[in-house]
Amino acid sequence: MKDYLTDVEAKLCEQVERGEVALFEEGDEIDASVIRYLILGLPTSKRCSGTRPVRPSGIRISGATICGRLNLDDIADAGSAPLYPVVFEDCILDGGISARHGHFGRLAMPGCRFRGDFEKIPSVDIEGCQLGSDLDLSRTRPDLPEALHWIRGDNMRIDGKVVVNHALLRCPPENQGLRLTDGTAYALALVGAEITGELQAMQLEALGGVTLRSATIKGDAWLCSSTIVRESSASHAFQSTRAFNAQSVDIQGNLMMDGRLAIRDDDASFQPFVVRGTICLLGAKIGGALNLKDFQVSTNDGHAILLGGASIGGSLVIGTEYQPTNIVRGFIYAQALRVGEEFTISNFQIGRSSNDGKSENTHPEYSIDLDHATIVGECSFVNFDPIRSSNTDVFNSIFLSRNSIRFVGAQMGGLRFMNSTVNGRVDGSRFKTSGDCQLSLRAIDRIDLSDSDIAGSIDLTNLQVEAELILKGTDIRRAIKVGSINVPGEGEQRELLAARGRPLSSIPGHRLVEALWRRDANAGQRQTAHIMRGDDLVATFNGNVWIFEQLKLKSSVRVRNGEDAQEFLQLFCAHIQGDDGAFRILEGRAALPEGISIDEAGMEAALLAARRKLQDAERQAREGAPDNGQVSVVKATWELGQLE
């Protein structure tokens, strides 16, 4: 305790007693112990025997320098009720602040600068602190350009929002003397914190990373236009390169990590979201959407984004809005990811530079790994490419890396590649989609969609495959769409790219086989369809009806129910041409062309007459009619069959 108060400190006590904001000028100094004794309701000096009551508005100080570390650990009102607000605005905290396990109505330090030795202790240590309102650390920064300023808020309970907008944070490298919940220092640490409002960390610069591991945020989390760096160097080492570590976080709103227009000093300019290190969302739960747009991510640790086992209730967007493209130097791991709506990757280049000095074997095989992911909506890859050279001419630029994608066993509402290039493998075997599959891309390596289940159509119209497309065992419920449907000509050089077959219940013992061929280099691709009998005899559809005539002569067609009839009619209409074009199935009377009607009464009368004729012929044959009685039965059967 001080012997006596300075004039500045006496002014503070008087203004606090009156419930006013204590305004000071640069250079005005206040001993940290005076503030502590004011909060505790104790005499502030040896010469002061009485106490200074603090109004409900709390202690509010602006512009002063607080000398010494402010110790507010374990401070709470009687019955563990929160104390009044404690607010420092545009102050210098020479020694920082510790309020571990304290209980306050509000804690705010907007615009404050921090000075002191923070190699082993945080400049702001609020671990286990409880606040009845907001925590405001916006615009905080070190007092000197290269000095340290880092925040530890593990296991906090905040009944409000946390604000660190425009802050500049810098933590020390890993040090054995640090005893932290997360095992290492982070520029901003909120491990296990509970926040009932939002996390606002826009235009934050966190040199040393951000960790929200196992935290609960009941509102949205905003990290727009922030820069988060956690990379080891010769003088600054980190065991973990998870720059944004949100493993097992529970965000009940949206997580927004995108670039935005930033306003500084009345000047508006675009500022991307930048991460140097890994974005870790393993096992994270996000109730709303995850936006990762207009960003830059690079890592020396292989994986740039970890989404394995995460659950996202809304959409997941990785792409651009303002920038021409996103470049990700690293890989995305998203096995067992669940997305409640659409998953979109657009204007996206991924891989690593070929001159980074690392072996291919030190990196994951696939650029994006979505094995066993569940995406309720459509999964889209638009303008998805490997990292290219800086040459602005796309056709003359070179690939600096390989990109590849894997979604083995994944379930999707649809799959769409648009204007994309994949120079590594595409492995989607055993995947399932409830919608369509569109492959509008250039594939330099193979595409494996074997044993998959596609409930809709597969569109290969704009697919360029330089290796092979594998559809073995794939069930495509509707159609294969290609640029043209023709039979390869005699002597034409062609290579089988893919084929699929399925049994025909309306023609027992036969299969429908559809094949996709690559023809001469300048001729593109063609599709053919065939009927294959069990003994491997094959007939190719060419638009004529003779295949069906042969099946009828051999009594191969067996239409036993409505499903068989529908299958047979669809097969006929898909592959047979009439004099006036293709046949089609009419769903009902309303679909009849104008001027055409059906005489249902006449048809019923003709059918009834044919059935009676057949019955009479059969009766006469049984009664011993001459030899021509059997001929009459055959003729009556044929006439009835024609009508039916």
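The values are calculated or read from the model by the stated rules, or taken from the named source; none is laboratory data. Computed from a prediction, not measured in an experiment: that's the story for all the values here. Quick reminder, even Gly has a Cβ in these numbers, built from the backbone with ideal geometry, and neighbours come from all protein chains shown. For accessibility, only protein heavy atoms count, side chains too; no ligands or nucleic acids. Shrake-Rupley method; radii C 1.70, N 1.55, O 1.52, S 1.80 Å.
Among residues other than ASP143 whose Cβ falls under 9 Å from its Cβ, what is the net charge (Lys/Arg +1, Asp/Glu -1)? Cβ neighbours under 9 Å give a net charge of +2. Peptides 451-459, 606-614, 425-433, 275-283 ranked from most to least packed by the mean count of surrounding Cβ atoms within 10 Å: 275-283, 425-433, 451-459, 606-614. Region 598-625 and region 135-172 have Cα centres lying 94 Å from one another. Each peptide in 309-319, 502-512 gets a packing score, the mean of other Cβ atoms within 10 Å over its residues, and the list from highest to lowest is 309-319, 502-512. Lys and Arg at +1, Asp and Glu at -1: add these up for the other residues within a Cβ distance under 10 Å of MET257 and post the number. After counting each charged neighbour, the total is -1. The protection proxy used here, the mean number of other Cβ atoms lying within 10 Å of each residue, ranks peptides 366-372, 434-440 as follows, highest first: 366-372, 434-440. Mind checking which lysines have their Cα closer than 26 Å to the Cα of LYS2? Skip sequence neighbours fewer than 8 apart in that chain. Cross-link targets: LYS11, LYS46.
Checking the a/c ratio against 1.5 first, then a/b against b/c, what shape does the Cα gyration tensor give for region 85-178? Note, shape of region 85-178 comes out oblate. A straight Cα-to-Cα reach below 21 Å connects LYS552 with the lysines LYS635, residues fewer than 8 places away in its own chain not being considered.
When the listed pairs LYS161/LYS285; LYS481/LYS554; LYS161/LYS218; LYS432/LYS472 are checked against a 21 Å cut-off, the alpha-carbon distance exceeds it for LYS481/LYS554.
Taking amide H atoms as placed 1.01 Å from N in the peptide plane, the amide H of GLY111 lies under 5 Å from those of ASP90, SER138, ARG139, THR140, each 5 or more residues away in sequence or on another chain. Rounded to the nearest 10 Å², what accessible area does LYS481 show when all protein chains are kept and the probe is 1.4 Å? My reading of the accessible area for LYS481 is about 100 Å².
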